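S.K.: First, the structure itself, so that you have it in front of you.
The values are calculated or read from the model by the stated rules, or taken from the named source; none is laboratory data. A quick note: this is a predicted structure, and the numbers were derived from the prediction, not measured. All Cβ positions, glycine included, derive from the backbone under ideal geometry; neighbour counts span all protein chains shown. For accessibility, only protein heavy atoms count, side chains too; no ligands or nucleic acids. Shrake-Rupley method; radii C 1.70, N 1.55, O 1.52, S 1.80 Å.
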Amino acid sequence: MKTLYTFCCFLFCISFGFSQEGHQKLKIEELKNRIKQSTGITKLFVLDTLTSYVKYEEGYEILAKEAIDLALELHYPNIAIKHINYLINFHTNISENSEKGLTIFKDFINSNQTITDTLLLSDLYLKAGNSYFGIGEVKEAKNSYEYAAKMALIKNDSIRFAIANNYKAFTLLEMGFFTKASQEYQKSLSVFQSKKDTINILNTRIGLSVVYGKNAFYKESLEELFKVRNMALKLKDSTVYSISMSNIAVNYYYLKKYNQTINFLKENIKLSEKIPYFHYNSAHDYTYLAKSFIKLDSLNQARIVIKKLEEKWKKTPDKQLHLFYLDSKTHLLFAEKNYIQANIQGVKLLELQNTTLNYENILATLNILYKTNEALGNESIAYSYFKKHTHLNDSINSVLKVNGLSHYQTLYETEKKDTEISSQKSKINLLAEKSKVQFQWILLLALSIIVILVLLYLLQLKSKQKVVIAKNKQELTQQKIKATKLENDLLNREIEYKKKDLENLAIEITQNQEWASMIFKKLNALIKLKGQKREIELIAFKNEIKSKMLVNEKEQNFQMQVDLLSSSFYDKLNKQVPNLSKTDLRMCSLIRMKLNTKQIAVLQNISPASVRTSKYRLRKKFNLIEDQDFNSYIINY
């Protein structure tokens with residue numbers, strides 16, 4: 001019956017899926033037929049609906065171009081720009097053809113269309129910035145992001161402004177302006193925090209962690225990234241999670257912890273390959289994975305990774321993918337000591353990198369070219385690369401220092417000028433009034449000095465009084481603490497003595513109970529005896545019973561003393577678990593006295609199995625985890 005039910009559910013799911021897919025196809029066909037029958041504005045609106053309906057699916061590009069052309073022809077630039085934004089995003093992030101996306105943007109800007117929707121214009125420049133970045137034109141990307149932020153600000157859309165500002169900060173990072181990047185990220189972060197936009201807060205914190213990493217604060221960067229990753233995991237945001245994992249791996253790479261880099265990248269590549277339109281991130285991870293294998297001399301593993309990277313680039317000939325491939329390939333050839341090919345590939349890589357303004361990568365490539373030419377005996381060429389490397393490295397360090405101080409220097413200079421102006425105004429006013437109020441100033445000064453001296457004397461006197469009072473209070477407090485400590489020590493000793501008495505009494509009662517069991521066995525044996533031997537055994541048995549007649553009385557006294565001594569312990573237990581019975585409390589107290597299961601069973605007049613059952617039930621009431629020992633928990637409570 002259960003199998004039949006499952007099968008029916010399965011058939012329903014399939015039929016529902018087919019019906020949904022069939023409904024979608026019918027809707028698309030209906031819209032296509034309406035387009036054929038329509039003209040002018042009606043056709044444009046139907047085409048707009050159809051294009052949005054099949055966005056990024058097969059045939060989308062042709063429909064989008066048709067919608068854009070018709071919108072421009074009928075002078076509906078806002079509809080045109082909406083689809084231009086989608087189409088640029090399609091080419092830059094999905095088909096990974098940033099150049100094509102940039103061509104669409106430039107053609108539209110050159111058409112001199114009047115755009116009334118400022119927010120659509122902001123989105124257009126944001127998408128254009130992504131295309132510029134995709135082909136390595138980082139400076140142009142920054143300018144586009146700045147314009148997008150400016151347009152968002154005009155419409156008071158703070159979220160759009162902060163998103164565009166984050167993109168701008170990222171380009172500043174790529175260009176080596178770390179301080180400026182940090183300042184822009186801080187601006188965005190304050191906006192997202194005011195709007196309680198958690199996802200964008202996490203994205204911004206990733207950006208700030210990259211700033212830490214770029215400045216070699218790897219520990220701080222990792223701390224921030226792990227927090228972001230854990231938050232993304234709670235929010236089930238795979239994109240933020242993947243980006244944080246990628247950056248964690250990069251930090252480990254620069255810390256020379258290559259095994260950890262490899263572990264994080266392998267996990268992240270599996271994830272990022274599943275995220276739609278996220279191939280750029282996986283390509284970035286492949287590059288660092290290959291370079292980590294090279295650092296560990298696992299060249300065969302590196303070759304496998306680079307082969308995958310090459311396949312990605314050939315499938316989608318994007319400039320960024322080409323850079324990733326050339327970067328890892330050059331490192332591999334150098335590690336294989338194939339200096340001739342390493343030099344050839346390195347020159348190609350440097351040529352591409354020079355257009356990106358990514359000085360960190362340029363430095364690494366210059367270093368390889370210097371070493372390959374040195375190994376090949378090309379001393380003059382090697383020296384020229386060495387000079388370029390040294391010059392660029394010194395320039396970057398100089399820029400970093402200037403950028404780091406410029407913000408604070410500007411503030412200082414502004415404050416300094418304001419102070420100078422204020423001082424000059426004061427001097428002019430003083431000179432104008434000097435001849436009129438000179439005597440009054442002298443008199444006022446004299447009075448002020450007298451008042452100040454009196455106040456100083458009073459303050460000093462009050463201060464001395466406070467010191468004396470404080471000292472007396474401190475001495476009194478110390479005496480109270482000593483007295484309290486002494487009292488507590490005496491109480492603790494008394495409690496310890498009572499505990500020991502209780503433990504001894506518990507042992508004695510346990511022994512008496514065991515003796516009672518032994519007496520029962522003796523009695524059974526005595527019944528079987530006859531004659532004089534039986535008389536002798538009876539006398540001995542009688543004397544033994546007399547010596548143990550106080551068992552019950554001692555046991556009752558023991559239970560009362562246990563409850564009396566454990567009253568504060570019982571209060572603590574009841575606060576944590578209010579529904580504990582008197583038997584439960586007594587069980588906890590006996591465990592706290594470090595009595596074993598057998599001894600507790602005797603004292604409670606129950607079986608050892610019942611003791612174990614009671615402990616199991618108490619574990620559940622205290623919500624203890626499986627591996628936690630209940631006896632240790634109660635003893636240390």
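S.K.: Using only Cα atoms, locate the centre of the range 49-123 and the centre of the range 141-192, then give the distance between them in Å, rounded to an integer.
M.R.: First find each Cα centre; the distance between them is then 24 Å.
S.K.: Sequence neighbours fewer than 8 away in the same chain don't count; with that in mind, list the lysines whose C-alpha is under 23 Å from K542.
M.R.: Cross-link targets: K521, K522, K528, K530, K533, K554.
S.K.: Same structure, new question: Separation between the E374 and R617 pseudo-spin-labels, each 7 Å from Cα along Cα→Cβ, expressed in nm?
M.R.: Taking the two extended label points, one gets 7.9 nm.
S.K.: Continuing with this model, one more query. Among residues other than N97 whose Cβ falls under 12 Å from its Cβ, what is the net charge (Lys/Arg +1, Asp/Glu -1)?
M.R.: Net of charged neighbours comes to -1.
S.K.: Which three lengths, in whole Å and largest first, does the range 192-267 cover when its Cα atoms are put on their principal axes?
M.R.: Here the Cα extents, ordered largest to smallest, are 39, 26, 13 Å.
S.K.: Which links in K315/K337; K150/K274; K100/K234 stretch past 31 Å when you go from one Cα to the other?
M.R.: Details: K315/K337 29 Å; K150/K274 35 Å; K100/K234 38 Å.
Distance filter (> 31 Å) returns K150/K274; K100/K234.
S.K.: In whole Å, what are the Cα extents of the range 115-187 along the three principal axes, biggest one first?
M.R.: 36, 27, 12
S.K.: Highest mean first, how do 72-83, 468-479, 162-173 rank when packing is the count of other Cβ atoms within 10 Å averaged over residues?
M.R.: Values: 72-83: 18.1, 468-479: 10.0, 162-173: 24.8.
By packing density, highest mean first, the sequence is 162-173, 72-83, 468-479.
S.K.: Further question on the same structure: Using a 1.4 angstrom probe, figure out how much accessible area the range 271-397 has per residue, in square angstrom, rounded to the nearest whole. Numbers along the way, then the final one.
M.R.: Working: 6450 Å² over 127 residues.
I get 51 Å² per residue for this part.
S.K.: Output the peptides 125-137, 380-392 sorted from most to least packed, where packing is the average of other Cβ atoms within 10 Å over each peptide's residues.
M.R.: 125-137, 380-392
S.K.: I would also like to ask the following. So how far apart, in nm, are the two label points at N263 and D69 if each is 7 Å from Cα heading toward Cβ?
M.R.: According to this spin-label approximation, the distance is 5.7 nm.
S.K.: Shifting gears a bit: Using every alpha carbon pair in the range 86-154, what percent of pairs falls into each 10 Å bin from 0 up to the bin containing the largest distance?
M.R.: Per 10 Å bin, starting at zero, the Cα-Cα P(r) for the range 86-154 comes out as 24, 54, 22, 0 percent.
S.K.: To continue, here is another question. So with the 1.4 Å probe, I'd like the accessible area per residue for the range 140-205, rounded to whole Å².
M.R.: On a per-residue basis, the range 140-205 sits at 45 Å².
S.K.: What is the percent carbon and sulfur in the accessible area of the range 95-198, measuring with a 1.4 Å probe over the protein chains and ignoring ligands?
M.R.: That share works out to 48 percent.
S.K.: If you bin the C-alpha pair distances of the range 80-211 every 5 Å from 0, what whole percents do you get?
M.R.: P(r) for the range 80-211, in whole percents per bin: 2, 12, 20, 21, 21, 14, 7, 2, 0.
S.K.: To continue, here is another question. Counting Lys and Arg as +1 and Asp and Glu as -1, each charge on the Cβ, what is the dipole of the range 255-380 about the Cα centre in debye, to the nearest 20? Mind dumping the intermediate values first?
M.R.: On the way: 18 positive and 13 negative charges, 85 e Å.
Dipole magnitude for the range 255-380 comes out near 400 debye.
S.K.: For the range 321-388, take the alpha-carbon Rg, divide it by the Kirkwood Rh, and send me Rg/Rh.
M.R.: Result: Rg/Rh = 0.95.
S.K.: Viscosity 1.002 mPa s, temperature 20 °C: Stokes-Einstein D of the range 289-355 from its Kirkwood Cα radius, in µm² per second?
M.R.: Working: Rh = 11.9 Å.
Diffusion coefficient, whole number: 180 µm²/s.
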